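In what follows, a structure is listed as structure tokens, so that the remarks can point back to it.
The values are calculated or read from the model by the stated rules, or taken from the named source; none is laboratory data. Just so we're clear, the structure is a prediction, and the values are computed from it rather than from any experiment. Here the Cβ positions follow ideal geometry from the backbone for every residue, glycine too, while neighbour counts run over all protein chains shown. For accessibility, only protein heavy atoms count, side chains too; no ligands or nucleic acids. Shrake-Rupley method; radii C 1.70, N 1.55, O 1.52, S 1.80 Å.
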Amino acid sequence: MTSLRFRAVALALALLLGVPALAAAAELSLLNVSYDPTRELYADYNKIFAAHWKAKTGDTVTIKASHGGSGSQARAVIDGLEADVVTLALAYDIDAIASKSALIAPDWQKRLPDNATPYTSTIVFLVRKGNPKQIKDWNDLIRSDVKVITPNPKTSGGARWNYLAAWGYALRQNGADQAKAQEFVAKLYANVPVLDSGARGATLTFVQRRQGDVLLAWENEAFLSIDEFGKDKVEIVVPSVSILAEPPVAVVDKTVDRRGTRGVAEEYLKYLYSPEGQETVARHYFRPRSSEVAAKYTERFPQLPLFTIDEVFGGWTKAQQVHFSDGGVFDQIYKPGK
Amino acid sequence: MSIAATEERGSWGGRQHTAIPGFPLTLGITLCYLTAIILLPLAALFLKSTGLGFGGFARTLLDPRTIAAFRVSFGIALAAALINAVFGLLVAWVLERYRFPGRRLIDGLVDLPFALPTAVAGISLATLYSDNGWIGGLLAPFGIDIAYTPNGILVALVFIGLPFVVRTVQPIIADLEHEAEEAARTLGATRLQIFARIVLPALLPAVLTGMALAFARGVGEYGSVIFIAGNMPGLSEIVPLLIVIKLEQFDYAGASAIGVAMLLLSFLILLAINFTQVWMRRRYGA
Amino acid sequence: MAPEHHPGTGAGRIVLILLAGLFLVAFLLVPLAVVFSEAFAKGGAAYLDALGQPDARAAIGLTLLVAAIAVPLNTVFGLVAAWCIAKFEFPGKSLLTTVIDLPFSVSPVISGMVYVLMFGLQGYFGPFLAAHGIKIVFALPGLILATVFVTFPFVARQLIPLMQQQGTGEEEAAIVLGASGWQVFRRVTLPNIRWGLLYGVLLCNARAMGEFGAVSVVSGHIRGLTDTMPLYIEALYNGYDAVGAFTVASLLAMLALVTLVLKAFLEMNYRDDLTLAAAQVSRH
């Protein structure tokens, strides 16, 4: 009797533990290690690409994606996260993988058109409905009554674009005076109560947790939050000037050669430049490179003067070293936890 | 309770002489397993934190943000343990002393926070206590915000800690002698007097133990808290989250330093509470 | 057990019961109800659709796989450790017991971090592992290790007091009668402790499937590959997909309920075979 009962309970427990389903079907797979606000874009694009690959070669490819702050993601790849392709927020993070791990060839940015950035974006402001604090431009962000939400430049790519966009604005206002620009950015970060590790975390902090008055956001992330949370919650403010954000893509050479996935990985990135790829990109609020596709979406993307990182900061390597390295300018101006 | 020890020392290591086989084997396996799974990794933690040197270690811990995180984690865990002491005692008392329909069900439900994964508790509590949630919506008109403030952390830690107090106190209530209470009653004591003078002193060691366990768990809790806390440095950022942030910045040494400090602090507090308990037991002879 | 001794006056008693009931409803029942209510917020079709996602299936499979490895490991070692501690006297025994308890007082985040420090590419064994093509962190072995760390004490802590209470008399008698060590364990010890063992395994499994903090640190968060159910829930929740997050959460909530029912069943029917169960439960 007890023995029977024992077996019954043990059986129930065994069912609880379950027998793991063995997914053994041998098929092609890719891992795309990406940054935060591209979740929706790549969820969509992966399906489109899989169909394209199937039509082209007859093979089935499944694409896995991992998202997080761009800097954290790059470090995870350096630390051993096995990516076939990386699609990160800025060139420096891919350079870092190339130089610290030699997983990617140093000339990666020349292997695809447009500096290996199939789409661009910019930095805009997201404010609460009706813009209660009347935030119009960058100089409103240093007002003492304004709390600014932006992620951590040490871990997030978007956060570095935010920071450099503010710096570039200040340079323009002050006749290219670096000291004044630093003062401006220091004042701005004095208004930042929390630094999330990625852009998505910052969006949730602003929209869902209702912290702060303005979110510095990727344009695509700002549009997406309006889609998700509704026009009655938040609205977009376009500043007078911003930065041209170029999120690049690259194949991880060592990994694809070892796994034998180079062909599909290269096509995965190239197809982003095709009309279908560019359409998908634009649908998810990234600015397409293709002028034909861009022409269809002129109403979606506001026109504003955009400066590039090469013009103002002399490229990513220099900007990273001056501003975001340990003990760099950002470390000097940010004093958290007041 | 323990083995009837014959106190006959064995030939080596002083182990008890027994006919039962398997001592070297089981001890060997246990030591190897513990070393590989627990001791070596924890040693790596201590070793990594020494990489900072004493100056760097102190600088990491004395950083205002770190201090604030410790204040938030330990302060709110203590507040939650106090709330659980009151309500846990109440629940345990009602479950042990009264019979009413649904008692069995409630008794079983008390363990829910043990069984429910913390991430599930986290998103559920955050939804429930946000401004448009079932409970948050009721409180919002009165200007009470729970989710994404330190109050949210408190709610999560009360949820997590409740079973510790109830399950520690329950068996003691069941064993409580009724004679003293009866005697006091016949002598004309009010029920409040009986509770304060007779019942509470007898239960206090158990309540304290339960609190200590709830507190220790609350200090380290991560999953249920991060969803409902505002995660604002200095205000609602808990120590485990600060560790994760340091890890994401690849500041491994800094994360280890905070981890080491946290281990030592919770250990010290548990030790202190154990001492108090021994002292109480001696004093009240429970 | 305690008879209805002094029910007190009706009013005071009812007030206390209502107060306790209200507290439990608000703090336990309502959060549980929210999980299911949110999961079905867009109807049964959306619920099934969320479960049918390949990433959801992969997360469920991964969680089952991790538990199916970590729980038996900890069961075997829990048995071994309990045998060693309960059946023998030796110096350092209480220290050993304390070490077994250690994971209960370590923050889950630290439990995961220690493995990154050891096995990450920047960690102590990282370069060696990379040179030999062995992946631990950001892969299945890391998830299993972190889960094993967190759930190690459950089986051992349940069995030690039980086996101590039962003493060594029966085993010694069997040895004298010529049984081998393995036979003693199979025929004498195991039948005596089986309910306690089951109880420990049950709690160990619940924690293994639900662990969040420790696995979060070692996972790498690859959807469909290294996201366990709790991590997948977080990813969906952060991706604005509340229905999806609560749908997967509802599976874990059902697991919790089944665990509670089995646990209550064991406690009700085999209280004596579990010994000190109540006191031990409070140690998680």
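What tally of residues in the stretch A:295-338 results from selecting those that are assigned to a loop (DSSP other than H, G, I, E, B), within 14 Å of chain B (Cβ to nearest Cβ) and not polar (S, T, N, Q)? Lay out the reasoning, then the answer.
We begin by selecting, within the stretch A:295-338, every residue assigned to a loop (DSSP other than H, G, I, E, B); these are A:297-305, A:308, A:314-315, A:325-328, A:334-338.
If we keep only those that are within 14 Å of chain B (Cβ to nearest Cβ) too, we end up with A:325-328, A:334-338.
Narrowing the set further to residues that are not polar (S, T, N, Q) leaves A:326-328, A:334-338.
Result for the stretch A:295-338: 8.
Is it the case, given these coordinates, that B:GLU221 is open to solvent by less than 10 Å² (accessible area, probe 1.4 Å), touching a residue at least 24 places away in the same chain (Cβ under 8 Å) and more than 9 Å from chain C (Cβ to nearest Cβ)? Quick ask: steps written out before the conclusion?
Working: open to solvent by less than 10 Å² (accessible area, probe 1.4 Å): yes; touching a residue at least 24 places away in the same chain (Cβ under 8 Å): yes; more than 9 Å from chain C (Cβ to nearest Cβ): no.
Taking the combined requirement at face value, the residue does not satisfy it.
For the stretch B:185-206, how many residues meet the condition of being more than 23 Å from B:ARG282 (Cβ to Cβ) and among the aliphatic types (A, V, I, L, M)? Break it down stepwise before answering.
So in the stretch B:185-206, the residues more than 23 Å from B:ARG282 (Cβ to Cβ) come out as B:185-194.
Retained after the next criterion (residues that are among the aliphatic types (A, V, I, L, M)): B:187, B:189, B:192, B:194.
So the count comes out to 4.
Of the numbered conditions (1) touching a residue at least 24 places away in the same chain (Cβ under 8 Å); (2) farther than 16 Å from A:LEU195 by Cα; (3) at the interface with chain C (Cβ under 8 Å from one of its Cβ atoms), B:PRO205 satisfies every one except a single condition; which is it?
Single failed check for B:PRO205: (3).
Could you check the stretch A:49-63 and list, in sequence order, the residues that are closer than 20 Å to A:VAL281 by Cβ and either within 12 Å of chain C (Cβ to nearest Cβ) or surrounded by 15 or more Cβ atoms within 10 Å (Cβ to Cβ) (or both)?
Of everything in the stretch A:49-63, those that are closer than 20 Å to A:VAL281 by Cβ and either within 12 Å of chain C (Cβ to nearest Cβ) or surrounded by 15 or more Cβ atoms within 10 Å (Cβ to Cβ) (or both) turn out to be A:PHE49, A:ALA50, A:HIS52, A:TRP53, A:VAL61, A:ILE63.
Sort through C:LEU129, C:LEU96, C:LEU102 and tell me the only one that's among the aliphatic types (A, V, I, L, M) and within 17 Å of A:LEU81 (Cβ to Cβ).
Working: C:LEU96 fails: within 17 Å of A:LEU81 (Cβ to Cβ); C:LEU102 fails: within 17 Å of A:LEU81 (Cβ to Cβ).
Only one candidate qualifies: C:LEU129.
Can we say B:ALA121 is of a type outside the set (S, T, N, Q), at the interface with chain C (Cβ under 9 Å from one of its Cβ atoms) and either at negative phi or not in a helix (DSSP H, G or I) (or both)? Step through it out loud before you land on a result.
Numbers: of a type outside the set (S, T, N, Q): yes; at the interface with chain C (Cβ under 9 Å from one of its Cβ atoms): yes; either at negative phi or not in a helix (DSSP H, G or I) (or both): yes.
Answer is yes for this residue.
Just to be sure before I move on: is C:ARG223 charged (D, E, K, R) and touching an Asp or Glu at 6+ places or on another chain (Cβ under 7 Å) in the structure I sent?
So C:ARG223 passes the test.
State all residues of the stretch B:43-66 that are touching a Phe, Trp or Tyr at 6+ places or on another chain (Cβ under 7 Å) and either closer than 16 Å to B:LYS246 by Cα or open to solvent by 40 Å² or more (accessible area, probe 1.4 Å) (or both); if no residue qualifies, say none.
Filtering the stretch B:43-66 down to residues touching a Phe, Trp or Tyr at 6+ places or on another chain (Cβ under 7 Å) leaves B:44, B:48-49.
Of everything in the stretch B:43-66, those that are touching a Phe, Trp or Tyr at 6+ places or on another chain (Cβ under 7 Å) and either closer than 16 Å to B:LYS246 by Cα or open to solvent by 40 Å² or more (accessible area, probe 1.4 Å) (or both) turn out to be B:LYS48, B:SER49.
Taking the condition touching a Phe, Trp or Tyr at 6+ places or on another chain (Cβ under 7 Å), part of a helix (DSSP H, G or I) and within 14 Å of chain A (Cβ to nearest Cβ), does B:LEU162 pass? Explain how you work it out, then say what you get.
On the way: touching a Phe, Trp or Tyr at 6+ places or on another chain (Cβ under 7 Å): yes; part of a helix (DSSP H, G or I): yes; within 14 Å of chain A (Cβ to nearest Cβ): no.
Criteria not met by B:LEU162.
Before we move on, is C:ILE69 more than 30 Å from C:THR189 (Cα to Cα) and either under 22 Å from the mean Cα position of the chain (by Cα) or surrounded by fewer than 19 Cβ atoms within 10 Å (Cβ to Cβ) (or both)?
Numbers: more than 30 Å from C:THR189 (Cα to Cα): no; either under 22 Å from the mean Cα position of the chain (by Cα) or surrounded by fewer than 19 Cβ atoms within 10 Å (Cβ to Cβ) (or both): yes.
Taking the combined requirement at face value, the residue does not satisfy it.
Give the residue, chosen from A:LYS136, A:LYS154, that is basic (Lys, Arg), buried (at least 21 other Cβ atoms within 10 Å of the Cβ) and within 30 Å of A:PHE184 (Cβ to Cβ). Lay out the reasoning, then the answer.
Values: A:LYS136 fails: buried (at least 21 other Cβ atoms within 10 Å of the Cβ).
Matching residue, one of A:LYS136, A:LYS154: A:LYS154.
Scan the stretch B:179-189 and give yes if some residue there is surrounded by fewer than 19 Cβ atoms within 10 Å (Cβ to Cβ), free of Cβ contacts under 8 Å to residues at least 12 places away in the same chain, at negative phi and within 10 Å of chain C (Cβ to nearest Cβ), otherwise no.
yes
When you check B:ILE226 against the structure, is it within 11 Å of chain C (Cβ to nearest Cβ) and open to solvent by less than 10 Å² (accessible area, probe 1.4 Å), yes or no? Don't jump to the end; show me each part of the working.
On the way: within 11 Å of chain C (Cβ to nearest Cβ): yes; open to solvent by less than 10 Å² (accessible area, probe 1.4 Å): no.
Judged against the criteria, B:ILE226 is not a match.
Filter the stretch B:93-106 for residues that are closer than 30 Å to B:GLY223 by Cβ and modelled with pLDDT under 90; which is nearest to the chain's Cα centre (by Cα)?
B:ILE106
Residues that are open to solvent by less than 50 Å² (accessible area, probe 1.4 Å) and over 25 Å from C:LYS42 (Cα atoms): list the helices (runs of 4 or more DSSP H) wholly contained in the stretch C:165-284 that include at least 3 such residues.
Working: elements: C:169-176, C:181-184, C:190-210, C:213-219, C:229-238, C:242-269, C:271-274, C:277-281.
Because the criterion is at least 3 residues that are open to solvent by less than 50 Å² (accessible area, probe 1.4 Å) and over 25 Å from C:LYS42 (Cα atoms), the helices (runs of 4 or more DSSP H) in the stretch C:165-284 that meet it are C:169-176, C:190-210, C:213-219, C:242-269, C:277-281.
For the stretch A:223-243, give me each residue that is of a type in the set (A, V, I, L, M), at pLDDT 95 or above and either closer than 22 Å to B:ILE123 by Cβ or open to solvent by less than 30 Å² (accessible area, probe 1.4 Å) (or both).
Once the filter is applied, which keeps residues that are of a type in the set (A, V, I, L, M), at pLDDT 95 or above and either closer than 22 Å to B:ILE123 by Cβ or open to solvent by less than 30 Å² (accessible area, probe 1.4 Å) (or both), the stretch A:223-243 yields A:VAL237, A:VAL241, A:ILE243.
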